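Read-outs throughout are calculated quantities, based only on the coordinates presented, and are distinct from any laboratory measurement. Worth saying up front: this structure is predicted, and the values here are computed from it rather than measured. FYI the Cβ positions are ideal-geometry reconstructions off the backbone, even for glycines, and counts take in every protein chain you see.
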Amino acid sequence: MKTQYRSLTLLAEVLFVGLLVGVASVFVVTSLAAAAAGSVLVTEVAADVRTPTVRRFARLFRTALAHPVAVLAPAGLLVVGAVDVVAVLGGLPGGRVFGAVLGLVLAALLAAGLRGAAAWRPERRWPEVLAVAGRETVSDWRGSLGLVAAIVVVAVVVGQAPAFVVVAPGLLVLAAVAVGTRERR
């Protein structure tokens, strides 16, 4: 296939995966499993192994959801984040400093979650994957900064043009897969 057409095909496939991940993440607590399934598809696309399909995504998504950690991790992050935001907005003494620290911790947790989703494979268990992702978030701080930058850019783009919310998850998954691939080189 010509390079120019392969580039367009790759873009279309990443946007398609983003759509699948976005639809599967509607309930928010399923976002980790959706990102994991999407990362497997993006990795396969990048390696020219196969074209992503809805059936393959659904199979991977069900497998990723099989372990309770896939749902409990995003739910726990949501609950703790909501309680902290309410505390900061409620006039907690030192709220601005606490809010800044909370933002950094949230960014690190999101980067770790993206790393975990990119590293997950059907034969791997979530607790081990997330433990390794947490360590890599700290040890590979450059990659983590890249993921945080991707999160910020996607948030700004979606804030300015909400229609991009449909494909934004695919771009985050692509960034996480790219950071994970960069580490292995």
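Treat every Asp and Glu Cβ in the range 73-165 as -1 and every Lys and Arg Cβ as +1, leave all other atoms uncharged, and give the resulting dipole magnitude about the Cα centre to the nearest 20 debye.
Working: 7 positive and 5 negative charges, 18 e Å.
Using Cβ point charges on Lys, Arg, Asp and Glu, the range 73-165 gives about 80 debye.
When the chain is fully extended, how far beyond the present Cα-Cα distance does ARG124 get from ARG142, taking 0.36 nm per residue of separation? Before the final figure, lay out the partial values.
Numbers: separation 18, 0.36 × 18 = 6.48 nm, distance 2.53 nm.
So the chain would gain 3.9 nm between ARG124 and ARG142.
If each DSSP helix of 4+ residues adds -39,500 (n - 2.57) and the sum is divided by the residues in the chain, what number results at 222 nm, nearest 500 deg cm²/dmol? All intermediate terms of the calculation are to be shown ahead of the outcome.
Numbers: 8 runs with 147 residues, N = 185.
Computed ellipticity for the chain at 222 nm equals -27000 deg cm²/dmol.
Using only alpha carbon positions, build the gyration tensor of the chain, then give the equivalent ellipsoid semi-axes as the square roots of 5 times its eigenvalues, largest first, whole angstrom. It would help to have the intermediate numbers written out before the result.
Numbers: eigenvalues 161, 66, 54 Å².
One finds semi-axes of 28, 18, 16 Å for the chain.
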Mind checking the full-extension length gain between ARG59 and VAL153? Use 0.36 nm per residue of separation minus the Cα-Cα distance, one decimal, nm.
30.8 nm
Can you give me the span-like helices of the chain, meaning DSSP H runs with 18 Å or more of Cα extent along the axis and Kyte-Doolittle mean at or above -0.5?
3-24, 31-46, 69-89, 95-119, 126-139, 141-160, 168-184
Can you give the relative contact order of the chain as a percent, counting alpha carbon pairs under 8 Å and 6+ residues apart?
31 percent
Assuming 0.36 nm per residue, please report the length gained on full extension of the stretch VAL79 to ALA131 beyond their Cα-Cα distance.
16.7 nm
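How much FRET efficiency would the formula 1/(1 + (r/R0)^6) give for ALA66 and GLN160, where r is the Cβ-Cβ distance and R0 is 45 Å, rounded to 0.05?
Details: r = 37 Å, r/R0 = 0.83.
Calculated value: 0.75.
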Please name whichever of PRO162, ALA37, LEU145 sits farthest to the positive end of the charge dipole of the chain, dipole taken about the Cα centre and charges placed at Cβ: Lys and Arg +1, Asp and Glu -1.
ALA37
